[in-house]
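The values are calculated or read from the model by the stated rules, or taken from the named source; none is laboratory data. Quick caveat, the model's predicted, so the values are computed rather than measured. Because the Cβ atoms are built from the backbone with ideal geometry, glycine has one as well, and the counts that use them run over all protein chains shown. Just the protein is used for accessible areas: all its heavy atoms, side chains included, with ligands, DNA and RNA removed. Shrake-Rupley method; radii C 1.70, N 1.55, O 1.52, S 1.80 Å.
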Amino acid sequence: MISSSEYGSHFWELLVTVDHQHEEVQKEFLLQVTGDLHIGGVMLKLVEQIKILQDWSDYALWWEQKKCWLLKTHWTLDKCGVQADAKLLFTTQHKMLRLRLPNMKTVRLKVSFSSVVFKAVSDICKILNIRRSEELSLLKQSEDVLKKKKKKDKNSKEPVPEDILNLCDSPVSSGLSGSPGLYSKTMTPIYDPISGSPASSTITWFSDSPLTEQNCSILALSHPNCSPETLAEMYQPRTLADKAKLNAGWLDSSRSLMEQGILEDDQLHLRFKYYTFFDLNPKYDAVRINQIYEQARWAILLEEIDCTEEEMLIFAALQAYHVSKLSLSSEAQDFTRESEVDEVEAALSNLEVTLEGGNTSNILEDITDIPKLADNLRLVRPRKLSLKTIKPYWFVFKDTSVSYFKNKESAQGEPVEKLNLKGCEVLPDVNVAAKKFGIKLLIPVADGMNEVYLRCENENQYARWMAACVLASKGKTMADSSYHPEVHKILSFLKMKNWTMSSQAVSDPESIDMKPECFVSLRYTKKYKPKQLAARILEAHQNVSEMSLVEAKLRFIQAWQSLPEFGLSYYIVRFKGSKKDDVLGVSYNRLIRIDIATGDPITTWRFSNMKQWNVNWEIRQVAIEFDQNVSIAFTCLSADCKIIHEYIGGYIFLSTRSKDQNETLDEDLFHKLTGGQE
C-alpha cells in the first residue's frame with residue numbers, strides 16, 4: 001500500500017481507455033503513475049490490469065487531445081508532456097480501411113494508422129503488387145464532390161451494394177511489411193515453384209500474399225465499362241474551379257492516417273498523384289500499368305482532362321479493342337510473351353545509345369556540329385482587333401531558339417525575330433483529318449505570354465519541329481538523347497489519328513461486342529447516335545487492331561500523356577498583390593498561372609529555374625524564388641497550402657530517381673523536401 005503523503009508527492013492518476021472486443025471486461029482504467037515513468041512502462045502496467053490473455057504487440061497509446069501517437073516507448077510521460085488531464089486510448093495500430101483503386105474497384109485491407117502516409121502507401125502497394133509506390137498517395141474526396149454525388153443519388157434507384165475485394169488476411173494486418181509480390185529488389189523474375197518456369201506477370205505464387213490468382217486478375221486486367229447512366233451519376237468537373245476540387249483532399253504524406261482524422265473502415269482513394277511514371281516494365285508491372293491505364297481512362301470519360309473529338313475516338317478505339325480482346329480466351333492472361341519483345345527492343349535501344357556514346361571518332365564532330373532545323377513554315381499571329389495574319393517564312397531552329405527570315409537567301413543576315421523557347425508552353429494544334437499540323441507557342445514576356453503559331457506542311461515536318469520545341473521549352477537542345485524518341489512518339493500518335501488514310505477495311509462490327517456510348521464521355525453520347533459512334537470508333541479501331549493487350553494499354557497511356565493538360569493538378573490561389581483569384585497548375589516540371597475565367601495560361605515558372613521555396617505557416621503563404629530575381633508568393637484558397645508545398649517537393653524528389661538505385665528510396669530526403677516546418 002502507498003501512504004497518502006507518498007501518493008501526493010509522487011503519483012498521479014492517468015485515465016486510459018482500452019479499445020478491445022471483450023464486452024464483459026471494463027474499457028476504462030485508472031493508472032497510478034509518475035512523470036518519470038516511460039511509455040513502455042505505462043503499457044506494461046495497463047496490460048497487467050486488463051488481465052486479458054491476448055497478443056497486445058500491435059497496440060499503442062493514442063493521445064486524443066493532441067491527436068498524436070505515443071510511439072517512442074523509451075520517452076517518459078514528462079518528456080511527452082502527458083499530465084493528469086490527458087485522455088489516452090490504447091488501440092491497435094493496424095485497422096481496416098476501404099480503398100477505391102484507380103479502376104474504381106474497392107479493396108478492404110488492414111493498414112497502419114500509426115505510420116506516416118508515405119510508409120502506409122508503400123505497404124499497401126506491396127500487397128497490391130504495384131512498384132514505385134512513391135508515385136501514389138491517398139486522397140479523401142472533398143465535401144463539395146460528395147454533395148454533388150448525393151444530389152444525383154437522390155434521383156436514382158436504390159444503390160447496388162458495392163462488390164468489395166477483401167484482403168484483410170494480408171501480412172500488414174499483423175504489423176509486418178507486405179510481401180514483395182511480383183517483383184524483387186534485384187528485378188529478378190519470379191519463378192513458379194511447381195513447374196520451375198518463369199511465372200507470368202499476372203499469375204504468380206502468392207503463398208504469403210492475400211492476392212490469389214483471381215484477385216490479381218481483378219487488379220491487372222480491365223473489365224467492361226459502366227453504362228452511360230452510371231457515368232452520368234459520377235462527379236464530372238465542368239470548370240477549372242471544379243477541377244481544383246478534385247485535388248483538394250490529398251492526405252499529408254508526413255503524418256499518419258489517425259492524425260488526419262481518418263477512422264477505421266473509412267473509404268479513401270488510392271491514386272497516382274505524381275505523373276512521372278518511372279521505369280514501366282510489362283514484365284513486372286502488370287497491375288501498375290493497368291491501374292495507370294484505368295486512371296487515364298476514367299479521367300477522359302469523366303472529362304477531368306480535355307481532349308478533342310479526334311482524340312476521344314482514338315481513346316474509345318483502344319478501349320473497345322481492349323474489351324474485345326478480353327472476350328477472347330487465353331491471350332488475356334499472357335503478358336510474358338508480349339513483354340519479352342519490349343525488353344529486347346529496350347535492351348537494343350540502350351545498347352545503341354551506349355555504342356553511340358562510346359564512339360570516339362564522332363566526339364569532335366558532336367561538339368562542333370550543333371543540330372539544327374531549317375525549313376519553310378507559316379507563322380500565325382492572332383490579332384485582338386483584326387483577322388489573324390498568316391505569312392510564310394524561312395525558319396531556323398538552333399539550341400533553344402527559333403529565328404525566322406523573309407526567305408532562305410536572307411538567312412545569313414539578321415532575322416525578322418528570334419524567339420527564345422526556354423520556359424515556354426508548347427501545345428499541339430492538330431487536326432489530322434483536315435491536314436492541319438500546327439504548334440501553339442506561349443512564350444513568357446514581361447506582361448504575360450506572347451502567343452505564336454507555327455504551321456507545318458506534313459506529319460514528318462510537324463513531328464521534328466514539335467519535338468524540338470518541347471525539348472527547348474525544358475532547356476534542352478536537339479543534341480539531347482530524348483529528341484529522336486520524342487519524334488517517334490509524336491509520329492506514332494499521329495498515325496493512330498490518321499485512320500481515314502488507311503486502306504484497310506473497317507473492322508466487322510459483329511466482331512466487337514460493344515456499346516459505343518460506354519467508351520466516350522457524355523458530351524459525345526449526346527452529340528451522336530450509338531450507330532454513328534460505333535462506325536467512327538471502328539474506323540479508328542483499324543489502326544490499333546494489331547496491338548497486343550499490354551501495347552494497347554501503353555499506347556493509351558502514351559496518348560494520354562500527349563494531351564496538353566496531362567499531369568496538371570489545379571488549385572485556386574490568390575497571388576500576392578493581386579485583387580482576384582487565379583488558378584495554379586502544378587506539373588512535374590513547372591508551375592502555370594492560369595486565368596480562372598478564360599483558362600488561358602498567364603505565366604509559366606520552371607522548377608529547373610527555382611532557387612528555393614518555403615511556406616509562412618502563420619499566414620499559410622507559399623513563397624518561391626527563381627533565377628533572374630523573379631519571386632512569387634500566393635495563398636491557396638481551394639486546399640491547404642501544405643498540399644502544394646508537398647507537390648513541389650515531391651516532384652523534385654522524384655526527379656532524383658535513377659535505375660542504379662535498385663528501387664531503394666531515400667525516405668528522409670522525401671520528408672525533408674515535402675514535410676515543411678509547421
Enter the mean projected area of the convex hull around the alpha-carbon atoms of the range 372-478, in nm², rounded to one decimal. 7.1
Per the Kirkwood definition applied to all pairs of different Cα atoms, how many angstroms is the hydrodynamic radius of the range 517-619? 17.7
Give me the net charge for the shell around Phe113: Cβ to Cβ below 15 angstrom, other residues only, Lys and Arg +1, Asp and Glu -1. -1
Order the peptides 130-136, 619-625 from the highest to the lowest mean number of other Cβ atoms within 10 Å of their residues. 130-136, 619-625
Taking all protein chains as present, what is the carbon and sulfur share of the accessible area of the range 372-478, in % to the nearest whole number, probe 1.4 Å? 46
Name the trypsin sites (Lys or Arg not before Pro) in the range 530-577 that are in a loop by DSSP and that have at most 16 other C-beta atoms within 10 Å, would you? Lys576
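Measure up Lys110/Lys245; Lys611/Lys672; Lys398/Lys611; Lys245/Lys489; Lys436/Lys526; Lys67/Lys245 against 23 Å on the Cα-Cα distance and list the ones that go over.
Lys110/Lys245; Lys398/Lys611; Lys245/Lys489; Lys436/Lys526; Lys67/Lys245
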Say R0 is 56 Å: what FRET efficiency, to the nearest 0.05, do Asp78 and Ile596 get from their beta-carbon distance? 0.60
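With N set to the number of residues, divide the alpha-carbon radius of gyration of the range 569-675 by 2.2 N^0.38 Å and report two decimals.
Normalised Rg, Cα atoms only: 1.12.
With a 1.4 Å probe and all protein chains left in place, how much of the accessible area of the range 11-92 comes from carbon and sulfur atoms, in whole percent?
51
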On the protein heavy atoms, probe 1.4 angstrom, tell me the percent of accessible surface of the range 569-675 carried by carbon and sulfur. 46
Between Thr308 and Phe566, the two model label points (7 Å from Cα along the beta-carbon direction) sit apart by a distance in nm of 1.6
Summed residue charge, Cβ within 15 Å of Gly261's Cβ, Lys/Arg positive, Asp/Glu negative: -2
Apply the a/c threshold of 1.5 to the C-alpha gyration tensor of the range 275-316 and tell me whether it is rounded, prolate or oblate. prolate
Could you sort the peptides 299-310, 73-84 by per-residue average Cβ neighbour count (10 Å cutoff), highest mean leading? 299-310, 73-84
Let me spell out the model: positive unit charges on the Cβ of Lys and Arg, negative unit charges on the Cβ of Asp and Glu, origin at the Cα centre of the range 372-478. What dipole size does that give, in debye rounded to 20? 160
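By the scheme Lys and Arg +1, Asp and Glu -1, what is the net charge of all other residues having a beta-carbon under 15 Å from that of Lys79?
Local net charge: 0.
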Run through the range 220-287 and list the trypsin sites (Lys or Arg not before Pro) located in a DSSP loop whose Cβ has at most 10 other Cβ atoms within 10 Å. Arg238
Would you kindly give the portion of the calculated P(r) for the range 11-92 that falls above 17 Å, as a percent of all Cα pairs? 39
